[in-house]
Structure formats: structure tokens, C-alpha cells
1. With the requirement that a residue be within 22 Å of E48 (Cα to Cα) and part of a helix (DSSP H, G or I), what does the stretch 104-131 give you?
2. Restricting attention to the stretch 70-79, and to residues there that are farther than 16 Å from L118 by Cβ and surrounded by fewer than 12 Cβ atoms within 10 Å (Cβ to Cβ), which single residue is modelled with the highest pLDDT?
3. Which ones in the stretch 61-80 are outside any helix (DSSP H, G or I) and aliphatic (A, V, I, L, M)?
4. Given the structure, is A97 part of a helix (DSSP H, G or I), closer than 14 Å to R61 by Cα, small (G, A, S) and more than 16 Å from the chain's Cα centre (by Cα)?
5. Could you say whether any residue in the stretch 105-116 is closer than 29 Å to V45 by Cβ and either in contact with a strand residue (DSSP E or B) (Cβ under 8 Å, 6 or more places away or on another chain) or touching a residue at least 12 places away in the same chain (Cβ under 8 Å) (or both)?
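The values are calculated or read from the model by the stated rules, or taken from the named source; none is laboratory data. Note that the structure is a prediction, hence the values are computed from the model and not measured. Ideal geometry is used to build each Cβ from the backbone, glycine not excepted, and the neighbour counts take in all protein chains shown.
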Amino acid sequence: MGGLAKVGGILVLLALTTVGTVGAQEVQGHTVTDQELRSAVRADVEAERADRALVDRVLARGEVRSVAEKAGVDVERARRAVPLLEGGELSRVASLAGDLEEQLAGGQSTITITTTTLIIALLVLILIIVA
């Protein structure tokens, strides 16, 4: 039985060695170069910068300021909070700002209830996230 145990041990050792080698090869296939990493970080930074610019551009619009004033919401406080947003929070706010910008892009002389609701939702969301 000692010989059988040795053969079993060798087979287990061989199996573990093979699994380790395959795992190492898979990891090597997924390595990221410094350049790729820098490029990904740069892309994330640029995306966040673009999202912040979109939100700020929407908050600067006269229509948004007018609705905010009537609702008693401080637009300047919301604008000061935008640089504090990041990640998923910034993405959600930017998405809402993008929807709002699309609705306001037509240069309508009247603001619909939907647009008013979006404006107030945007402002409140910013202030809640940062609060």
C-alpha cells in the first residue's frame, strides 16, 4: 500500500503543478502595461471632467436658475457641490443633466412640467448626495 500511496501523491502533486502552471499562464495573458493603465486613468479623468462640465453648463442656464429660484433651491450651492461628486453619483447626475439639456436645447419659450421636475430633481439630487 505504500507504493500506491506514493503513486497517488505523485499524481496529486502533478495535478496541482499543472493547475498552477495553467493559472499562471492565464494571469500573464491579463497583464496591463503602464501605458494602458495610464491611458485608462486618463480616460476616466476626462470622462469625469466632461460630466462635471455638462452639469455645470446645465446649472448655469437661465431656465434652470429661474425654476430653482421659484422652488427655493440655491443653484450656486449646487454648483459648488459639483466638484465633490465622483463615480456613480457623478454619472447619475450627469445623465439627468444630459436629459435636461436635451429638453432645453430647443429654445422653448415655455418650460413644461416634465422639464421643471427634471430641474428640481437635478438640484435636489446634487444637494442630497453632497449633504
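1. Selection gives L118, I119, A121, L122, L123, V124, L125, I126, L127, I128, I129, V130.
2. Taking the stretch 70-79 and keeping what is farther than 16 Å from L118 by Cβ, we get 72, 74, 76-77, 79.
Keeping just the survivors that are surrounded by fewer than 12 Cβ atoms within 10 Å (Cβ to Cβ) gives 72, 76.
On the way: G72: 89, E76: 92.
Step by step, filter the stretch 70-79, then rank; the result is E76.
3. First, the residues of the stretch 61-80 that are outside any helix (DSSP H, G or I): 61, 72-74.
Correct list: V73 only.
4. Details: part of a helix (DSSP H, G or I): yes; closer than 14 Å to R61 by Cα: yes; small (G, A, S): yes; more than 16 Å from the chain's Cα centre (by Cα): no.
Spelling it out, it is not the case that A97 is part of a helix (DSSP H, G or I), closer than 14 Å to R61 by Cα, small (G, A, S) and more than 16 Å from the chain's Cα centre (by Cα).
5. Residues of the stretch 105-116 closer than 29 Å to V45 by Cβ: 105.
Narrowing the set further to residues that are either in contact with a strand residue (DSSP E or B) (Cβ under 8 Å, 6 or more places away or on another chain) or touching a residue at least 12 places away in the same chain (Cβ under 8 Å) (or both) leaves none.
No, because not a single residue in the stretch 105-116 is closer than 29 Å to V45 by Cβ and either in contact with a strand residue (DSSP E or B) (Cβ under 8 Å, 6 or more places away or on another chain) or touching a residue at least 12 places away in the same chain (Cβ under 8 Å) (or both).
Quick grid of which residues meet (1) modelled with pLDDT under 75; (2) closer than 28 Å to L100 by Cα; (3) in contact with a strand residue (DSSP E or B) (Cβ under 8 Å, 6 or more places away or on another chain); (4) in a helix (DSSP H, G or I):
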{"position": "L4", "(1), (2), (3), (4)": "yes, no, no, yes"}
{"position": "I10", "(1), (2), (3), (4)": "yes, no, no, yes"}
{"position": "V32", "(1), (2), (3), (4)": "no, no, no, no"}
{"position": "D51", "(1), (2), (3), (4)": "no, yes, no, yes"}
